[in-house]
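Q: My structure is below; once you've seen it, I'll send some questions.
The values are calculated or read from the model by the stated rules, or taken from the named source; none is laboratory data. What you are looking at is a predicted structure, and each value in this text was computed from that prediction instead of being measured. As a convention, Cβ positions derive from the backbone with ideal geometry for all residues, glycine included, and neighbour counts pool all protein chains shown.
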Amino acid sequence: MVIDDYQGTDPYFGKPFIDVDERREQPSSHRYVHGGFENTDTRFAIYFPDEPVYQGRFFQPLGGGLGGTEFAFVGPLAGVLGGVEACFRLGGYMLESNQGHFGNDLDQRAGNDPGLYGYRASAESARFAKHLATLHYGRPPHHGYVYGGSGGARRSPLCLENAADIYDGALPFMGGGPVAPGKADEPIESVQPTGFGAMFNVRRLLGDKLASVIDAMEPGGSGNPFEGLTTYEREALADLYRLGFPRGAEYMIAQPMGQAAMWCWNADDWKRQDPDYVHAFWNEKGYAGHDTPHLFEGDRIVRFETKVGEVRTAGDIAAEVMRGGPAAGEASSFMAVMSPPEKPIAIRLAGAPQGYLPGAGVRVTSGNAADRQLYVTGLFGDTLLLDGFGADGNAKAADIEPGDSVEVDNDAFLAYCHWHRHHIIAGEKGFDQVIVDNAPIFPQRRPICVPTPFGGHYSAQFEGKLLYMQHTHDTSLWPDQAILYAENVSRHGNPDNFRLQWVENAEHIPPAFLPSSIFPSPSSRLINYSGVIEQGLADLVAWVEEGDVPPASQYQYAGGKLTLPPEAKDRGGIQPVVAASANGASRADVKVDEPVTLVVVAEVPPNAGTIVRVEWDLDGSGTFPVAQDGVDATSTAIRLSTTHAYAKAGTYFPSVRVIAQRDGDVATPHRQIPNLARVRVVVS
C-alpha cells in the first residue's frame, strides 16, 4: 500500500509503501509495520507497543557490520543488544531500517553514497515512522534516540550529527571512525581494518607460540608476552600492541570474527583502489614480501587450482557446532548462527593447497557461479567459510556445485598483513611506530577507503546528547577509536553534550557466542553487556529529557594501552570495580586438597546503585555456580572471601562476577551491570 499523505524530507526517497501491517502478541502486544520507499532499496520495520506501554519516544537501533537488514535486533542477538522488549520497557516504539541497501550489496541507483547508507536512509525511515506514530497514537513522539553496536555504532553518531530534526540522543557502543567536519557524504579511510592486518600477521607468524603469549598476559602470568619469541615475532607483536590492540585479549588473536569479515568485504575494493600494492609487496624493496621472503615460506599460495568437493549450509555448520565438531572451536562459526540455516556459506575442497588458508581468496572459475570472488573468513578442519562484498558476498556459496573449479590464492592477504606499514592514516593513533622525524619509514601507498555502507566522516558536532560506550576488551573495535572521537568533540563540538563510559571486560559480541572450547571459558573471562546497554539508554533518556547528566569514565591512554583507575570513585562510569586475590596475590600455588582463600573486593561508582549479587566460577567453566554469602543488595562496597580446595592437579582460573543494579533490585533480570576479576591457582 502506497502512502500518499506523507511529505518526505529527503528528495532521494520515493513514496513510502507498507507491505505488512498486523497485530502481533510476541514479545508483547504490539502493531507491526513493514515497508520501504519506492525507487530505493531502503526498507524498514516498526513496532508500536500498546498505549499503556508507550510514553512518547522512539528508539532506532542500527544493525552492525555493513547494515543491510531491518531485522538485526529481532534475531539471536535481540535480547543482548537491546531489541523490541528493551525499547518497550523504556517507553518507546522501535524501528529498524536496512540502512539503505540489501545485505552486502549497494542500492543500484545510488551506488557508492556514504551519506545514504551512513544516515540518510535511517533518518528518512525514522521520519516516516514518526508520521505513522502520530496517526497511530494521536500525537507525535516527543523525543527520538538512535543507537547501535559495531557498524551500527559507526553510523549512529552520523545520524545525530546530520539529522537533528529527528534525533535527540545517540548511544553508540563499540564504534569509531575518522573525523572531518563537512565530509559526512565522503568515503572514509579506517584505521581498524589496518590494525586487523597486523593482528592476522601475529596469528600467522606465532602459530602455537600464541599459547605462551596468552599465558603471560593471563592473571598470575609473567606479564612479558615477548618471552621465547624471535626478533621478527617480537616486532610483529609490538606493532600490534602499539596500534592499540587491547591487553588481556590475546586469546582472541587466534579467534578472528568481524576482523576476518572486514577483510572479505574490503579485499576486492582495496585491490581496485590500489591495484599495484600486491605486486609491489612481492617485488619491490621496502616491502616484507620482497625483502624477507623466508618469512612466508610454507604459507604462500599462488593460484592453486582445484575443485569443490562439497558445499555446506549454515545449518550444517551450526549442527557441527552443537555436536562439538571442528566448527565448535572457531569464533567465526558465529556467522553460521546469524545466517538462515538453508544458506550455502562454506565449501570443502576436493584437493587442498599446502599453505595458509585463512584469508585466502577463492575464485570460482566454472559452473553457475563462475567469476565469483570470495574469501576464507573461517576455517573449520577442511571446511572453508566464505564471504565477500556486494552480490558475491550476498550469494556466498549459493549456486556452487561439487566439481566446480576454483582458484585459491593468498598473495593479497599476506600483503594485507603488512598494510599498516604502507597506509599511514593522518590523525589516527598508533602510527608513530612507523614514522621518524615526521617521515614514514616504509614506502607509502595511496589512501584507501572502506566500503561506503560504513558511512562518511564524523563532524563531532551535534545538538543532542551522545553517550558513547566503548568496550575495553573489544578486539574488533579497539579502545583508541572512542578516544579519537572524544578528542574531536573537544576540538570541534560541545563537550557538555558528550560522555564516554568504558565497559570493562566486554568483547565485541557476548561471551555466549564465542567458542566453548576456549579455556578458560569466554563466560569466565567476559561479561554479558546487555544490561549495560539498556541502562545506558535509560540514562540517555534521563539526560535528554530531565537534564540528569550521566557520569563519564576517567582513563589514561599511552603507547596503545588503555589504563583505568583502580578505585570506583576515581574511575566513574556505571560499572562496579572488581579485584580478586588468591591467598593474597594474583597467583596461588597449592597442593591437591589444600584450601585456597579467594577474596573479592568491589565497589560501585557514586550514584550507580548497589551490589545485588556476587558469584564464583571456581574452575573456569563459565557457569558461576557458587553464590557468595553476605550480599544483601544494600552495599555499594564489599570485601568478601570464600575458600576452596581442588581435588585434581592442574592450573585453574577462578573468576568472580559482581553485579550491580541501579535500584538495588535483586529480582529483576534487567539493567544488571556486571564486572569480574580473575586469579590463577596452580595445583600440584
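Q: Which of the residues that make up the stretch 240-262 are farther than 13 Å from Arg203 by Cα and more than 16 Å from the chain's Cα centre (by Cα)?
A: Tyr241, Arg242, Leu243, Arg247, Gly248
Q: Look through the stretch 181-223, keep the residues that are among the small types (Gly, Ala, Ser) and part of a helix (DSSP H, G or I), and return whichever of them is nearest to the chain's Cα centre (by Cα).
A: So the first thing to find is which residues in the stretch 181-223 are among the small types (Gly, Ala, Ser), and the list is 182, 184, 190, 195, 197-198, 207, 211-212, 216, 220-223.
Subset that is part of a helix (DSSP H, G or I): 195, 197-198, 207, 211-212, 216.
Values: Gly195: 14, Gly197: 16, Ala198: 18, Gly207: 24, Ala211: 24, Ser212: 26, Ala216: 25 Å.
Taking the candidates together, the pick is Gly195.
Q: Can you report the number of residues in the stretch 24-53 which are under 12 Å from His136 (Cβ atoms) and either in contact with a helix residue (DSSP H, G or I) (Cβ under 8 Å, 6 or more places away or on another chain) or touching a residue at least 60 places away in the same chain (Cβ under 8 Å) (or both)?
A: Looking only at that region, the number is 8.
Q: I would also like to ask the following. When you look at Gly258, is it in contact (Cβ under 8 Å) with a residue 24 or more places away in the chain and surrounded by fewer than 20 Cβ atoms within 10 Å (Cβ to Cβ), yes or no? If you could, list the steps in order and put the result at the bottom.
A: Working: in contact (Cβ under 8 Å) with a residue 24 or more places away in the chain: yes; surrounded by fewer than 20 Cβ atoms within 10 Å (Cβ to Cβ): no.
No, not satisfied.
Q: On the given criteria, is Arg613 surrounded by 13 or more Cβ atoms within 10 Å (Cβ to Cβ), among the basic types (Lys, Arg), within 25 Å of Ala512 (Cβ to Cβ) and touching a helix residue (DSSP H, G or I) at 6+ places or on another chain (Cβ under 9 Å)?
A: Considered against the rule, which asks whether it is surrounded by 13 or more Cβ atoms within 10 Å (Cβ to Cβ), among the basic types (Lys, Arg), within 25 Å of Ala512 (Cβ to Cβ) and touching a helix residue (DSSP H, G or I) at 6+ places or on another chain (Cβ under 9 Å), Arg613 comes out as no.
Q: Additional query: Can you say whether Asp165 is touching a Pro at 6+ places or on another chain (Cβ under 8 Å), part of a loop (DSSP other than H, G, I, E, B) and over 29 Å from Arg242 (Cα atoms), as far as the supplied structure shows? Write out each step before concluding.
A: On the way: touching a Pro at 6+ places or on another chain (Cβ under 8 Å): no; part of a loop (DSSP other than H, G, I, E, B): yes; over 29 Å from Arg242 (Cα atoms): yes.
Criteria not met by Asp165.
Q: For residues that are at pLDDT below 95 and touching an Asp or Glu at 6+ places or on another chain (Cβ under 9 Å), scanning just the stretch 264-310, find the one that is surrounded by the fewest Cβ atoms within 10 Å (Cβ to Cβ).
A: Only one residue tops the list, namely Asp268.
Q: Which members of the stretch 121-161 meet the condition of being without any contact (Cβ under 8 Å) to a residue 60 or more places away in the chain and touching a Phe, Trp or Tyr at 6+ places or on another chain (Cβ under 9 Å)?
A: Taking the stretch 121-161 as the starting set, the residues that turn out to be without any contact (Cβ under 8 Å) to a residue 60 or more places away in the chain are 134-135, 138, 140.
Passing the criteria: none in range.
Q: Any residue in the stretch 92-113 that's in a loop (DSSP other than H, G, I, E, B): show its pairings with residues that are of a type in the set (Phe, Trp, Tyr) and at pLDDT below 95 at Cβ separation under 6 Å, as long as the two are six or more apart or on different chains.
A: From the stretch 92-113, the pairs are Asn104/Phe389.
Q: Another question, if that's okay. So, in the stretch 459-501, of the ones that are within 23 Å of Asp432 (Cβ to Cβ) and among the aromatic types (Phe, Trp, Tyr), which residue ends up modelled with the lowest pLDDT?
A: Out of the qualifying residues, it is Trp478.
Q: Quick check: is even one residue across the stretch 123-136 surrounded by fewer than 24 Cβ atoms within 10 Å (Cβ to Cβ), farther than 19 Å from Thr9 by Cβ and not charged (D, E, K, R)?
A: Yes, that holds for at least one residue.
Q: Next up: Identify, please: which residue in the stretch 551-560 is surrounded by fewer than 20 Cβ atoms within 10 Å (Cβ to Cβ) and modelled with pLDDT of 95 or more and is, among those, nearest to Ala660 (Cα to Cα)? First the steps, then the outcome.
A: Step one: filter the stretch 551-560 for residues surrounded by fewer than 20 Cβ atoms within 10 Å (Cβ to Cβ), giving 551-552, 554, 556-559.
Okay, now just the ones that are also modelled with pLDDT of 95 or more, so 551-552, 554, 556-557.
Numbers: Pro551: 16, Ala552: 17, Gln554: 19, Gln556: 25, Tyr557: 27 Å.
Across the stretch 551-560, the extreme among qualifying residues is Pro551.
Let's see how each residue does on (1) part of a loop (DSSP other than H, G, I, E, B); (2) surrounded by fewer than 20 Cβ atoms within 10 Å (Cβ to Cβ):
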site: Leu466; (1), (2): no, no
site: Trp478; (1), (2): yes, no
site: Ala482; (1), (2): no, no
site: Tyr485; (1), (2): no, no
site: Ser490; (1), (2): no, yes
site: Gln501; (1), (2): no, no
site: Ile509; (1), (2): yes, no
site: Ser516; (1), (2): yes, yes
